1. Any idea how many residues of the range 27-38 are out of contact with any helix residue (DSSP H, G or I) (no Cβ under 8 Å at 6 or more places or on another chain), in a helix (DSSP H, G or I) and at pLDDT 90 or above?
2. If I ask for residues that are part of a helix (DSSP H, G or I) and either in contact (Cβ under 8 Å) with a residue 60 or more places away in the chain or more than 10 Å from the chain's Cα centre (by Cα) (or both), which ones from the range 39-48 would you list?
3. When both residues are 6+ apart or on different chains and their Cβ atoms are under 8 Å apart, which pairs have a first residue that lies in the range 1-26 and is on the phi > 0 side of the Ramachandran plot and at pLDDT 85 or above, and a second that is surrounded by fewer than 12 Cβ atoms within 10 Å (Cβ to Cβ) and part of a helix (DSSP H, G or I)?
4. Only residues that are assigned to a loop (DSSP other than H, G, I, E, B) and either in contact with a strand residue (DSSP E or B) (Cβ under 6 Å, 6 or more places away or on another chain) or exposed (fewer than 10 other Cβ atoms within 10 Å of the Cβ) (or both): list them for the range 1-26, please.
């Protein structure tokens, strides 16, 4: 997904957040696993 499309989609969803991780591509969990996990956990911390 293009970064601008993700940002637009997040803007339309109440409570959503958009975060683009450089160098992730289609294999984000494998190429940027630590950064992805950290970002998800940070998001959960802000929503509880």
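1. Going residue by residue through the range 27-38, those that are out of contact with any helix residue (DSSP H, G or I) (no Cβ under 8 Å at 6 or more places or on another chain) are 27, 30, 32-35, 37-38.
Restricting the remaining residues to those that are in a helix (DSSP H, G or I) gives 27, 30, 33-35, 37-38.
Next, from what is left, pick out any that are at pLDDT 90 or above: 30, 33-35, 37-38.
Looking only at that region, the number is 6.
2. Initial filter on the range 39-48 (part of a helix (DSSP H, G or I)): 39-47.
Hits for the range 39-48 are 41, 42, 44, 45, 46, 47.
3. If the second residue must be surrounded by fewer than 12 Cβ atoms within 10 Å (Cβ to Cβ) and part of a helix (DSSP H, G or I), the pairs left are 15/47.
4. Filtering the range 1-26 down to residues assigned to a loop (DSSP other than H, G, I, E, B) leaves 1-2, 13-24.
Passing the criteria: 1, 2, 13, 14, 15, 22, 23.
The values are calculated or read from the model by the stated rules, or taken from the named source; none is laboratory data. Just so you know, these numbers come straight off a predicted model, no measurement behind them. We place every Cβ from the backbone using ideal geometry, glycine too, and count neighbours over all the protein chains shown.
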